Amino acid sequence: MTPMNFPLPNVVPLIPEMFVAVMAMVVLMWDLFLPKERKHWNGYLAIVTCIVAGVLTMNVATAESVSAFYGFFVLDPFAAYAKLLIYAGTALAIIISLDYMKDEFGVGEYYTLMLFGMLGMMLMASAPNFVTMYLGLELMALCTYVLVGFQRDVLRSSEASLKYFILGSLASGILLYGISFLYGVTGSFDFAEVGAGLAHSGSGARFAVLLGLVFVVSGLAFKISMAPFHMWTPDAYEGAPTPVTAYMSVAPKVAGFVILIRVLADALPSLQVEYVTIFTWMAVLTMAVGNLAAIAQRNIKRMLAYSTIGHVGFIILGVIAGNVAGYAGVLVYMTVYLFMNMGIFAVIVLMRRDGIQGELLDDFAGLAKVRPGYALAMGLYLFSLAGIPFLGGFWAKYVVFIAVIEAGHLYLAIIALVFAVVGAFYYLRVVKYIYFDDKRVDFNFVENRLMQATVVVTAIAVVAIGIYPDPVINICKAAVSGII
Amino acid sequence: MIELGFFYLFSGLAVVSALGVVLSRNTVHSVISLIFCFFNAAALFFLLDAEFIGIILILVYVGAVMVLFMFVVMMLEVNFAGLREGMLQYLPVGGLVALVLFIEIVAAAGSGVFSPTGIPDPGHAAQHVNNTVEIGKLLYTKYLLGFEIAAIVLLVALVGAVVLTLRVRKDAKYQNISKQVNVNPDDRMRKVKM
């Protein structure tokens, strides 16, 4: 056999990924040498990993798109911005975990899985072809399945994990089957090549292409919990440990939306009419399911699950718009959503009492009299989620609604507005519990400086973006300008 | 012509054995049907000159995964009859979905893209081409990133399996061997003056 010449791929754009992968393994090993009372140091190490990864990403990212590993990886401003959101979402979820997880068995593995899940999301955000996309997706999904079932002694947690696992595997199978059709027609996994191949494919291939489109869209819609593929969301959110719910509710959604935009804009642009029709129906259904079902919930984690579904319905309007404003709107929405949701989950975990977190809506009654600071923060998050003007959530909705009107779907914006008003009801109901009801149960707060700082920072961010949204909107517009 | 005959033989047997997996009442029979199905799929890979993938399918899936399946089926004694009870109830909806999917797939497959003219027959590779070498070359060059991510996915699967199954029971009584070895005779025996 003749010796072969392997060209060394350009690894510079992957430095953040390699760093996170190494650090995840370091956490896994370091855990073995830590005495039991210092296990939470792993959490600090994981937070530092997220921050350093952010610095590295800022340093290796360039204004133009850089491709590496034979076109299996791409780093452009879009991916870089999405990764910063993913780091922030993961770091905040880890901060929320520090106190919650301190008595659990296997804390080191917990943070390892969080970091590996983050690695999967980073790869999804940077995937220019179906191979990297699928592997990143599975890496992320596998970590979340385990994290949801982490409290094995809690029946609810195991049940949620198993449901999520089975439905998630089915969705992955459907996604793969769809990819196989697109591959069969175009002979490539690369998004750009698939796009070019589909544009030239004759009418004979149309049925196979449509079947591929429907399967791929269904598989991805599952991951971002769009109706009618949302069934797993409430159960998984409720059963998972609260910090894991916080983790699942933002960062994987960012990665899911980024990959959805990439697939639609790069691989399937010739099918825009078809996918806009599919997404229009799904968006209306998602908004309806999310906002109407949330009204009936008494458990705040279940309520927030349906709230996530409702917000996904709003965010998808930006994808339907399909222009720079729409895609930028998706990023703006995810940025604001990150702060609102992480803040709410931080307060929920802070309200831990005897191992039971403030999970029922009743538990929030009278919070304003005991802890006015938390009550104020909760009020800000909830008003922002409801989309009250001059808080972050208002501008998030404003940007996507304007984008979808610009794209010529005025009726969609009107439907969304109606559901936003319906949604305001159940958010404001929680505010009513906090401010106008009397205390029903005794509070027993967790005193944790980092978590309290999280509440302060997220609340300030929600207000700041609400008062002065231009920088965020401009950064997001600059980030997506390269992909269309 | 002989090749076509073998193709229909193996794919027909694969379909029949796949039906056997779903329909047989005895779970051990199901597992054996699945093993047979994998053998036929491996034979189809051999027909395509992909002998490495065919052998890997037999070694990994039949040799490891299916043996594990067999262990699980035999050791857990899951009540599959109970699981089947709702079958008639779900049959109309499930059957409808299956029918629609079947029609769609037939239509997609019959639309001409996947016909011999759409995808030309690659023919047979030359005798000296080594499948294993070619896959190795591709895996460590073009598909290196995917290969590495797959390695991390495996690591996560390993860690996840341990996390979900390993539990230290606080109420269990363990032997502390170093304590047993280091025990001093004076601690165990007391001489009493009579």
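Ignoring the sites themselves, what is the longest stretch of chain B with no GluC sites (Glu not before Pro) in a DSSP loop and at most 12 other beta-carbon atoms within 10 Å?
Values: sites that count: B:77, B:85.
For GluC sites (Glu not before Pro) (loop position, at most 12 other Cβ atoms within 10 Å), the longest site-free span of chain B is B:86-194.
When chain B is treated as a GNM with alpha-carbon contacts under 10 Å, the residue of B:155, B:48, B:68 showing the greatest mean-square fluctuation is B:155. Considering all C-alpha pairs of chain B, those separated by over 21 Å amount to 75%. Each Cα pair of the stretch A:268-484 feeds into the Kirkwood radius, which the Stokes-Einstein equation turns, at 37 °C and 0.692 mPa s, into a diffusion coefficient of 184 µm²/s. Once the Cα atoms are used to define both axes, helix B:144-165 deviates from the longest principal axis of chain B by about 40 degrees.
For residue A:437, nonlocal amide neighbours, meaning residues 5 or more places apart or on other chains whose placed amide H falls under 5 Å from its own, are A:366.
Along the positive direction of the dipole of the protein assembly as shown (beta-carbon charges: Lys, Arg +1; Asp, Glu -1; about the Cα centre), which of A:446, A:172, A:160 reaches farthest? Of A:446, A:172, A:160, it is A:446. Projecting the Cα atoms of A:239, A:320, A:119 onto the dipole axis of chain A, where Lys and Arg carry +1 and Asp and Glu carry -1 at the beta carbon, places A:239 farthest toward the positive end.
If Lys and Arg each add +1 and Asp and Glu each add -1, what is the summed charge of the other residues whose beta carbon sits under 14 Å from the beta carbon of residue A:252? Counting the neighbours of residue A:252, the net charge comes to +2.
Give me A:232, A:395 ranked fewest to most by other Cβ atoms within 10 Å of their Cβ, as a rough exposure proxy.
Numbers: A:232 20, A:395 26.
So the ranking, lowest neighbour count to highest, is A:232, A:395.
Placing R0 at 35 angstrom, the Cβ-Cβ distance between residue B:181 and residue A:153 gives a FRET efficiency of 0.55 after rounding to 0.05. Can you give me the angle between helix A:206-223 and the longest principal axis of chain A, using Cα atoms only, in degrees from 0 to 90, rounded to the nearest 10? Result, in degrees: 20. Return the whole-Å distance between the Cα centroid of the stretch A:461-479 and the Cα centroid of the stretch A:11-38. Each part's Cα centre sits 33 Å from the other's.
So what is the 222 nm mean residue ellipticity for chain A from helices alone, if each DSSP H run of at least 4 adds -39500 (n - 2.57) and you divide by all residues, rounding to the nearest 500 deg cm²/dmol? Working shown, then result.
Values: 19 runs with 354 residues, N = 484.
Taken over chain A, the calculation gives -25000 deg cm²/dmol.
Which shape class applies to the stretch B:1-79: rounded if a/c is under 1.5, otherwise prolate when a/b exceeds b/c and oblate if not, where a ≥ b ≥ c are the square roots of the Cα gyration tensor eigenvalues?
Values: a/c = 5.23, a/b = 1.67, b/c = 3.13.
Taking the square roots of the gyration eigenvalues as a ≥ b ≥ c, the stretch B:1-79 is oblate.
Restricting the GluC sites (Glu not before Pro) of the stretch A:51-109 to loop positions (DSSP other than H, G, I, E, B) with no more than 10 neighbouring Cβ atoms within 10 Å leaves A:64.
What you get for the protein assembly as shown, charging only the Cβ of Lys and Arg (+1) and of Asp and Glu (-1), is a dipole of about 2080 debye around the Cα centre. In units of the compact-protein estimate 2.2 N^0.38 Å, the protein assembly as shown shows a Cα radius of gyration of 1.04. Over chain B, Cα pairs under 8 Å with separation of 6+ residues give a relative contact order of 13 percent. Between helix A:372-386 and chain A there is an angle of about 30 degrees, using the helix long axis and the longest principal axis of the Cα atoms.
Read-outs throughout are calculated quantities, based only on the coordinates presented, and are distinct from any laboratory measurement. None of the values given here were measured: they were computed from a predicted structure. Heads up, the Cβs are rebuilt from the backbone with ideal geometry, glycines too, and the neighbour counts pull from every protein chain shown.
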